[in-house]
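The values are calculated or read from the model by the stated rules, or taken from the named source; none is laboratory data. Note that the coordinates shown come from a computational prediction; the quantities given were computed from them, not determined experimentally. Glycine gets a Cβ as well: all are built from the backbone with ideal geometry, and neighbour counts include every protein chain shown. Just the protein is used for accessible areas: all its heavy atoms, side chains included, with ligands, DNA and RNA removed. Shrake-Rupley method; radii C 1.70, N 1.55, O 1.52, S 1.80 Å.
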Amino acid sequence: MAYKSVIPVSNLDLEHLLLQKVRLNLDGLLDPVLKTNLQFAMAAVDVLPAAMKKKAELLVEGDKMLVKFYSNNQPQLQIVVFQDPEGTKLHLKIRVDRPLEANDIDKAYFTGHSCPHATPCREQAVTSLLYSRNREIKVICEELRLTFSTSEPEETIVVP
């Protein structure tokens, strides 16, 4: 990665991201990988509740650069879009400054995910809180990548 661009936005909503996409294109920085990943990111961000987008940052990988959009200096939600050999991936990292609670594992993070497991990923993540709430929970299921974490987790578990 040869270049990093940091772009402040008042909100990570579709309008602001579209405006920045046009700006990147006009500046000649919108390579094919960045364009694909940014479109993927916009679709993912569009379904998140507005409150989540106000304290968030979005990192999008391009072929020659990494673009960071942020709406808050202390984000609680980090959205990362990147390419791997299987295609475009989305990773959401949710941080809280207290022990995790079931409502931190919001259904909105799982929107569009069709879990193939008998016990869905979200249910497994919520159930894991019965044993410890000061942990990092990584959900890795097909295209879905989520990490829920306290500021200093005592352990990491992976579900499913």
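Those helices (runs of 4 or more DSSP H) of the range 1-75 in which 3 or more residues are modelled with pLDDT of 90 or more and under 20 Å from residue 93 (Cβ atoms) occupy 32-46.
The residue list 17, 66 contains one member that is touching a helix residue (DSSP H, G or I) at 6+ places or on another chain (Cβ under 7 Å), of a type in the set (A, V, I, L, M, F, W, C) and on the phi < 0 side of the Ramachandran plot, which is 17.
Conditions (1) under 15 Å from residue 52 (Cα atoms); (2) touching a residue at least 24 places away in the same chain (Cβ under 8 Å); (3) open to solvent by 50 Å² or more (accessible area, probe 1.4 Å); (4) out of contact with any strand residue (DSSP E or B) (no Cβ under 8 Å at 6 or more places or on another chain), marked per residue:
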{"position": "75", "(1), (2), (3), (4)": "yes, no, no, no"}
{"position": "97", "(1), (2), (3), (4)": "no, yes, yes, no"}
{"position": "116", "(1), (2), (3), (4)": "no, yes, yes, no"}
{"position": "126", "(1), (2), (3), (4)": "no, yes, no, yes"}
{"position": "148", "(1), (2), (3), (4)": "yes, yes, no, no"}
{"position": "153", "(1), (2), (3), (4)": "no, no, yes, no"}
{"position": "156", "(1), (2), (3), (4)": "no, no, yes, no"}
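Yes or no: residue 130 under 30 Å from residue 5 (Cα atoms) and either open to solvent by less than 50 Å² (accessible area, probe 1.4 Å) or in a loop (DSSP other than H, G, I, E, B) (or both)? So residue 130 fails the test. Among the residues making up the range 77-88, those that are out of contact with any helix residue (DSSP H, G or I) (no Cβ under 8 Å at 6 or more places or on another chain) and over 13 Å from residue 45 (Cα atoms) are 84, 85, 86, 87.
Check the range 25-41 and report whether any residue there is open to solvent by 30 Å² or more (accessible area, probe 1.4 Å), among the acidic types (Asp, Glu) and out of contact with any Pro (no Cβ under 9 Å at 6 or more places or on another chain). Checked the range 25-41: at least one residue is open to solvent by 30 Å² or more (accessible area, probe 1.4 Å), among the acidic types (Asp, Glu) and out of contact with any Pro (no Cβ under 9 Å at 6 or more places or on another chain). Of 93, 107, all but one fail to be under 27 Å from residue 152 (Cα atoms), of a type in the set (Lys, Arg), out of contact with any strand residue (DSSP E or B) (no Cβ under 8 Å at 6 or more places or on another chain) and open to solvent by 40 Å² or more (accessible area, probe 1.4 Å); the exception is 107.
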